[in-house]
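Visitor: Handing you a structure now.
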Number of protein chains: 2
Amino acid sequence: MQEWTQLWLSYRPVKAYERADFFAEYTLEGFEAEHPVIRNALRELTLGIGSMLGVKPESAVKKTPAGGLRIRRDTSIGSEGYSLKAEGDGITLAAPDEKGVLYGIFHLLRLVSMKADIASLDVLTEPENPLRMLNHWDNLDGSIERGYSGRSFFFREGKILVNDRIRDYARLIGSIGINGVVINNVNVKGDATDLITDRYFPELQKMAEIFSGYGIRLFLSLNFASPMELGGCGTCDPLDPEVVTWWERRIRTVYKALPSLGGFLVKADSEGRPGPFTYGRNQAQGANMLADVLKPYGGLVIWRCFVYNCTQDWRDRITDRARAGYDNFCSLDGAFRDNVILQIKNGPVDFQIREPVSPLFGGMEHTNQMLEVQIAQEYTGQQIDLCYLMPMFREVLDFHTCCRDEKDTVADIISGRTFGNTNMGIAAVCNTGDDKNWTGNDLAAANLYGFGRLAWDMSLSSAEIAEEWIRQTFDLSPESERMLRDMLLRSREVYEKYTCPLGIGWMVNPLDHYGPSVDGYEYSRWGTYHRSDHLGLGVDRTDKGTGYAQQYRETNAAMYNDPHTCPEELLLFFHRVLYETRLKSGKTLIQHIYDSHFEGASEAKEMAECWEKLRLELDPEVYERVRERFRRQIRNAEEWRDQVNSYFYRKSGIPDEKGRRIY
Amino acid sequence: MQEWTQLWLSYRPVKAYERADFFAEYTLEGFEAEHPVIRNALRELTLGIGSMLGVKPESAVKKTPAGGLRIRRDTSIGSEGYSLKAEGDGITLAAPDEKGVLYGIFHLLRLVSMKADIASLDVLTEPENPLRMLNHWDNLDGSIERGYSGRSFFFREGKILVNDRIRDYARLIGSIGINGVVINNVNVKGDATDLITDRYFPELQKMAEIFSGYGIRLFLSLNFASPMELGGCGTCDPLDPEVVTWWERRIRTVYKALPSLGGFLVKADSEGRPGPFTYGRNQAQGANMLADVLKPYGGLVIWRCFVYNCTQDWRDRITDRARAGYDNFCSLDGAFRDNVILQIKNGPVDFQIREPVSPLFGGMEHTNQMLEVQIAQEYTGQQIDLCYLMPMFREVLDFHTCCRDEKDTVADIISGRTFGNTNMGIAAVCNTGDDKNWTGNDLAAANLYGFGRLAWDMSLSSAEIAEEWIRQTFDLSPESERMLRDMLLRSREVYEKYTCPLGIGWMVNPLDHYGPSVDGYEYSRWGTYHRSDHLGLGVDRTDKGTGYAQQYRETNAAMYNDPHTCPEELLLFFHRVLYETRLKSGKTLIQHIYDSHFEGASEAKEMAECWEKLRLELDPEVYERVRERFRRQIRNAEEWRDQVNSYFYRKSGIPDEKGRRIY
């Protein structure tokens, strides 16, 4: 029995596939068969086609002008892109580089796996985002911060693991176009600080080599205090010559050992991590120092914008954590080096089920930016509750920042289309672990798959991605495929309904971030408050409140500032609203809270019932594993429903119009 | 420099003490100088008198009929008791046994240390409680459950420590009359299960020997599942012959190695610990099985009554955790063996700052009982906040259970006076650790000292005990002594004022039990709810509610059942009360909440200011250590004040009459 699954690369036999002959032979023009990426691409072709179609693709002795698979170099296609064109009895895969070939092969295998007809295939695709990254929050001891799928497959007890699972991981994420991976937690402590020392170079070299065979660059998270912790410097002030010299020497050694290293991800001045603020320097001074040191090696500094005061006094209603990213970074627009990228979380706070888009998108014009999303379901059900995140990501990408008359969406900005920046892209905090099925909940793999696909092609719809993933992962009747797709597509809304109402967020257990605790963050130091009393709830972030709404471009600022134009799903994020205020639906706020919580819990149950209907078509192990999670989701949804409803009933004294049970 | 202090046994020089000559010589009649307890008593005499008075007591060659210290056996005095009588130029210490001699010597040393005049000394004292025990919640890895004074001095990394600190510990607690110690946590897991195996016997023998030299019997906490975990039995059903046989063999081995072992403390069927309920047996069947096995060796089974459902649904208003002890045990009155003692927490729930007395006291007549109190300040400030607990313990001991027309107090019951039971007494969960000063906060040592003194003599007042402790511990002017005494005496009330109002309890952070979290336990599984809404709060435990009040004897049941006769400090424990209800003071409930919280925080500050006044008279290290804790207490009190007031203001909408700042 296999120790781990192959997810969407399971390559189940495809019966009666009409175009099997397309794959009998292949030719290679302008590429070396021995190039590691080409070798892996061909190996994958052989494995996939052999397994699915029972055909072993052979390298043709001579060129096959008409039949088979013709792979050729075409430098007119953009970097990493490829075209696929069916012609006569064969297909031509053209690409400007080896990675394009790899991605093209995976595309073909995907089509076969989906039983798609490729007779009239004609595709040209180039990745929209130059950087398509995964961030692992894995610790050297093997634990994973906010991990819900077992332990790390990169680290165990202070050691780096290099094995077949790493290779399969590289295949999986390579197949969806991921081209960069940060393997260690952004909170760099203890052993992880040593990743830039000899102690770990041999293993990192092997890891980098495996990755690069699948077009993936290795990145590391960096401890900004390394000069003190490793170098014995008395400071890590980025303007201190001793510190700079220390970094120069250290980075020279690192790149000697790891020449293909992509660069570093840095969480500085955040939640207790050291950073430039400690020395009265700004974030640009911190990032640029590292950027200058990395420049000769082509290394990137990916600098997180998650900088805020995490020791706020709950009594303080002036300070607003939502403002912090913009306040700390926007005035520095243009001050960062070309090889610095600011990595910005989708929302201004922290991966809640509903947040507005960070005003840094569209706020900064002359700064490289990456969007950071989280497919690890920290606040979105922890891979117990079903929560397919593509609808949320789509909303973020489609958001009009109003920074230009056109090409003003987040997708336009991070792809570089809006301002012409080059080092741009998208990153996701990853949801994998060493569980047999990689993602704990089998259905959570849709988020990993979907993220990669969306990172490549931001025009894909949530439904398209779900359909692709389902078809490749399961073997279901068309009707069941539709049912599962619809489960995925509604799951985020269901989760939102039974958790925090109307964008308020943070009614979650403070420690593990699973399950309700309405006041759990209300009197804490984290800047996360709902401010409810006997009359109403919500945070006034308008020009009469914290002024956060004014961080947006004018059109959006005006929209958010007015409760009548503010999108209702974000109403409580921007406004304090009385329980008896009528919403657009005609319901009062309190009745909306009651209704949505009853609905959400009931809909969670419906999703679980849908899963039951799929039982006979599913692998029993998968069926049971997900079923158990639906059981827990139902309990969780009921707990949310009852706690949130009881909390607001007890506080408002206003009964449910429908007289349902509230405690 | 010493690694640890000697607390009240510091034996500072006493200048110009008039009766030094009383101690120049001693004689021993009817006791062997080489008996371990006598040896220790004489050693202590030599140490203490030498250090305090600069005199070395010499064994007189011949009897000294008039002068010096005459120690003689007098079997007319009750076990462990002693008399002290000044006659002419000397003192006679008469005792029925060696322990009496030891206690008498410590009494004399206490008097000298307090500079008391002993010229007309005439004392006869016998301990009121046969068993005067300390329970340590120390784990084998060295951690202490709910410990606030460092790590364990009994265990480290799975090993037992036997060293000078153990001896000093035995001296300290022997000096206040403690005669039994449980060294390991009642939650017995992992290595601790092995304490009844060869693995630990050699060290336990040494420990037992040190203890017994100071009149202290060693006890162990026992894992009820040992037959399964150690013996490979398939069950730990107390009625299973295989289980009984296993215990018989094991206990025979234990007593062969540790013949002086006092017996075992057992936490069964509680908070996840295994017990007889698992097998459909009642608590008596579980305890009696062990008692029968221990009988031949004179061993005791101390069986905790802390048995309740810890997976309650917060929605359930029928189940009442406060009822659980009585419900589980009272009907078993008379069913327990003579060598079983039920150990009953002072209140029905769990060591809150204010609870009624457990109705098991006075409820059971034919069962040996021990009162369990907690000097480890789990819910009472964690040895950061000052909370002198004698006033609380006094209230418990003085409580009239109304089980008889006279001799009906808890003190009467646990001493055996009420029902004539013999294996009776009092135990405290201990507050020590390997901190230099033993108890984290130097002032928390008053609780250790006071518990021992009170366990011996339940007629002592809180003030008397405080005065004794202060005089022996510090070297203060009479005025400063009074000030410190008053700080101690008011501290419990201050803590109560700024924490949970009127006996409701449980508004504490659920994990560490320090600091406020009004709703922290409100939606949890622990059976600990305040049930507040926009109109009022409190739990109805009357005959119209959970019926808990009816577990008391009739007079008390009636008193608690009626909000007009219910003691106001317990009002919310027994009744749901509206915010606008007037209390006896004429204030509304909500105004009382506001006022007491403002007062409590302000009084915490006053106590800290008093400490400042003592600075010049204190050891600088002690001064600083306590000062730092007062700083934290002030912050804690302000946090309690603001969170509790804001919570109820937001929920009730009723403003503070005095217009003070509420958030």
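The values are calculated or read from the model by the stated rules, or taken from the named source; none is laboratory data. Owing to the predicted nature of the structure, the values given are computational and were not obtained by experimental measurement. When we count neighbours, we look across all protein chains shown, and the Cβ atoms used for this are built from the backbone with ideal geometry, even at glycine. The protein model used for the area step is the full one, side chains on, heavy atoms only, and it has no ligands, DNA or RNA in it. Shrake-Rupley method; radii C 1.70, N 1.55, O 1.52, S 1.80 Å.
Visitor: What is the dipole size for chain B, taken about its Cα centre, with +1 at each Lys and Arg Cβ and -1 at each Asp and Glu Cβ, in debye to the nearest 20?
Guide: 460
Visitor: If you average over every viewing direction, what projected area does the convex hull of the Cα atoms of the stretch B:573-648 give, in nm²?
Guide: Projected area, direction-averaged: 6.4 nm².
Visitor: Describe numerically, in nm with one decimal, the distance between label points set 7 Å from Cα along Cα→Cβ at B:S331 and at A:V123.
Guide: 7.1
Visitor: Something else now. Report the percentage of all Cα-Cα pairs in the stretch A:131-473 whose separation exceeds 34 Å, rounded to a whole percent.
Guide: 20
Visitor: Quick check for you: with a 1.4 Å probe and neighbouring chains kept, what is the accessible area per residue of the stretch A:131-473, in Å²?
Guide: The answer is 29 Å² per residue.
Visitor: Sort all Cα-Cα distances of the stretch B:251-322 into consecutive 10 angstrom bins from zero, then give the percent of pairs in each bin up to the one containing the longest distance.
Guide: For the stretch B:251-322, the pair-distance distribution reads 18, 38, 27, 11, 5, 0.
Visitor: In addition: Using a 1.4 Å probe and ignoring any ligands, DNA or RNA, find the accessible area of B:S459 and quote it in Å² to the nearest 10.
Guide: B:S459 exposes around 90 Å² with every protein chain in place.
Visitor: Using the alpha-carbon centroid of each, what span in Å lies between the stretch A:360-399 and the stretch A:115-135?
Guide: Distance between centres, Cα-based: 21 Å.
Visitor: Taking the alpha-carbon centroid of each part, what is the distance from the stretch A:607-663 to the stretch B:601-620 in angstrom?
Guide: Using only Cα atoms, the two centres lie 54 Å from each other.
Visitor: Quick check: pseudo-label points 7 Å beyond the Cα along Cα→Cβ at A:K605 and B:K436, how many nm apart are they?
Guide: Taking the simple label geometry, A:K605 and B:K436 are separated by 6.3 nm.
Visitor: Sticking with this one: Let me check the size of the stretch A:7-125 from its C-alpha atoms; what are the radius of gyration and Dmax in Å?
Guide: 12.9, 37
Visitor: In terms of modelled amide H atoms, which long-range or inter-chain residues lie less than 5 Å from the amide H of A:T588?
Guide: Correct list: A:L583.
Visitor: While we're on this one: Over all directions, average the projected area of the Cα convex hull of the stretch A:480-615 and note it in nm².
Guide: 10.3
Visitor: Give me the percent of the accessible area of the stretch A:306-460 that comes from carbon and sulfur atoms, probe 1.4 Å, all protein chains in place.
Guide: 43
Visitor: Still on this model: Report the gain in length on full extension from A:S79 to A:S477: 0.36 nm times residue separation, minus Cα-Cα distance, nm rounded to one decimal.
Guide: In short, 139.5 nm is gained.
Visitor: Cut-off under 13 Å on the C-alpha distance; same-chain residues fewer than 8 positions from B:K256 excluded. Which aspartates and glutamates are left, in chain and number order?
Guide: B:D198, B:E248
Visitor: Provide the packing ranking of A:325-335, A:383-393, i.e. peptides ordered by the mean count of other C-beta atoms within 10 Å per residue, highest first.
Guide: A:383-393, A:325-335
Visitor: Something else: Can you give the three extents of the C-alpha atoms in the stretch B:184-251 along their principal axes, from longest to shortest, in whole Å?
Guide: Largest to smallest, the principal-axis extents are 40, 21, 19 Å.
Visitor: Note down the accessible area of B:L583, probe 1.4 Å, to the nearest 10 Å².
Guide: Result for B:L583: roughly 10 Å² accessible.
Visitor: Still on this structure, I have one more. At 20 °C and 1.002 mPa s, what whole-number value in µm²/s does Stokes-Einstein give for the translational diffusion of the stretch A:405-493, with Rh from the Kirkwood sum over Cα pairs?
Guide: 145
Visitor: Report the FRET efficiency, 1/(1 + (r/R0)^6), for A:L535 and B:D398, where r is their Cβ-Cβ distance and R0 is 41 Å, rounded to 0.05.
Guide: Once rounded, the FRET efficiency stands at 0.30.
Visitor: In debye to the nearest 20, how big a dipole does the stretch A:536-663 give about its Cα centre with +1 on each Lys and Arg Cβ and -1 on each Asp and Glu Cβ?
Guide: 380
Visitor: Placing unit charges on C-beta atoms (Lys and Arg positive, Asp and Glu negative, everything else neutral), compute the dipole magnitude of the protein assembly as shown about its Cα centre in debye, rounded to 20.
Guide: 580
Visitor: Now for a different question. Once the label point is set 7 Å along the Cα-to-beta-carbon vector, what list of distances in nm do you get between B:K544 and its counterparts in the other copies?
Guide: Once sorted, the set of distances for B:K544 reads 4.3 nm.
Visitor: B:T235 label points, 7 Å along Cα→Cβ, one per copy: pairwise distances from this copy to the rest in nm, shortest first?
Guide: The projected label point of B:T235 is separated from its counterparts by 7.4 nm.
Visitor: Across the stretch B:428-438, in residue order, what do the Karplus-derived ³J(HN,Hα) couplings come to in whole Hz, using 6.51 cos²θ - 1.76 cosθ + 1.60 with θ = phi - 60° and x for Gly and Pro?
Guide: Once rounded to whole Hz, the list reads 10, 6, 7, 10, 9, x, 8, 4, 3, 9, 6.
Visitor: Calculated from DSSP H runs of 4 or more alone, at -39500 (n - 2.57) each and per residue, what is the 222 nm mean residue ellipticity of chain A, nearest 500?
Guide: -11000 deg cm²/dmol
Visitor: Could you state the accessible area per residue of the stretch A:7-125 in Å², with a 1.4 Å probe and every protein chain left in place?
Guide: Per residue, the stretch A:7-125 has an accessible area of 44 Å².
Visitor: A further question on this structure: Provide the solvent-accessible area of B:Y148, counting protein heavy atoms only and rolling a 1.4 Å probe, rounded to the nearest 10 Å².
Guide: Answer for B:Y148: close to 50 Å² accessible.
Visitor: Find which of B:P202, B:Q283, B:N309 sits farthest along the positive direction of the dipole of the stretch B:131-473, computed with +1 on the beta-carbon of Lys and Arg, -1 on that of Asp and Glu, about the Cα centre.
Guide: B:P202
Visitor: What list of whole percents do you get for P(r) of chain B, with Cα-Cα distances grouped in 20 Å bins up to the one holding the largest distance?
Guide: Here the calculated profile for chain B is 18, 51, 28, 3, 0.
Visitor: Continuing with this model, one more query. Using a probe of 1.4 angstrom, how much of the accessible area of the stretch A:151-285 is carbon and sulfur, in percent?
Guide: Carbon and sulfur atoms account for 45 percent of the accessible area of the stretch A:151-285.
Visitor: Shifting gears a bit: With the Cα gyration tensor of the protein assembly as shown giving a ≥ b ≥ c as the square roots of its eigenvalues, does the rule (a/c under 1.5 for rounded; else a/b larger than b/c for prolate; else oblate) give rounded, prolate or oblate?
Guide: The shape class here is prolate.
Visitor: Straight-line reach from A:K587: which lysines fall under 28 Å, measuring Cα to Cα and dropping same-chain residues less than 8 apart?
Guide: By straight Cα distance, A:K587 reaches A:K497, A:K544, A:K605, A:K651, A:K658, B:K651.
Visitor: Once amide H atoms are placed 1.01 Å from N in the peptide plane, what residues at a sequence separation of 5 or more from B:K345, or on another chain, have their amide H within under 5 Å of its amide H?
Guide: B:C305, B:E372
Visitor: Rank-order B:428-439, B:271-282 by packing density, defined as the average count of other C-beta atoms within 10 Å over each peptide's residues, highest first.
Guide: Top to bottom by mean Cβ count within 10 Å: B:428-439, B:271-282.
Visitor: Mind checking B:513-525 for the average number of partner chain beta-carbons within 10 Å of each residue's beta-carbon?
Guide: Taking all residues of B:513-525 together, the mean is 4.
Visitor: Taking a label point 7 Å out from Cα toward Cβ, give me the nm distances from A:K85 to the same spot in the other copies, shortest first, one decimal.
Guide: 12.2
Visitor: Solvent-accessible area per residue for the stretch A:519-650 at a 1.4 Å probe radius, Å²?
Guide: Heavy-atom SASA per residue in the stretch A:519-650 reads 41 Å².
Visitor: In the P(r) worked out for the stretch A:106-158, what percent of Cα pairs fall beyond 14 Å?
Guide: 69
Visitor: Compute accessible area for the stretch A:526-553 by itself and then with all protein chains, 1.4 Å probe, and report residues whose area falls by 30 Å² or more.
Guide: A:H534
Visitor: How many partner chain Cβ atoms sit within 10 Å of a residue's Cβ in peptide A:645-652, on average, as a whole number?
Guide: 4
Visitor: Quantify how strongly other chains surround peptide B:310-323 by giving the mean number of their Cβ atoms within 10 Å of each of its Cβ atoms.
Guide: So the per-residue partner count for this stretch is 1.
Visitor: Which of A:I183, A:N223, A:A170 sits closest to the plus end of the dipole of the stretch A:170-230, meaning its Cα is farthest towards the positive end, when Lys and Arg get +1 and Asp and Glu get -1 on the C-beta?
Guide: A:A170
Visitor: Would you pull out the residues with amide H under 5 Å of A:L300's amide H, same chain only if 5 or more places away, H placed 1.01 Å from N?
Guide: HN-HN under 5 Å from A:L300: A:G263, A:F264.
Visitor: Show me you know the interface measure: the accessible area buried between B and A, both chains summed, probe 1.4 Å, in Å² to the nearest 100.
Guide: So the total buried area for this chain pair works out to about 2100 Å².
Visitor: For B:K56, which lysines qualify as cross-link partners when the Cα separation must be under 20 Å and same-chain residues fewer than eight apart are set aside?
Guide: Those lysines meeting the cut-off are B:K15, B:K115.
Visitor: Turning to a different aspect of this structure: For the stretch B:1-63, what does the equivalent ellipsoid look like in terms of its semi-axes, each the square root of 5 times an eigenvalue of the Cα gyration tensor, given largest first in whole Å?
Guide: Values for the stretch B:1-63, descending: 23, 17, 7 Å.
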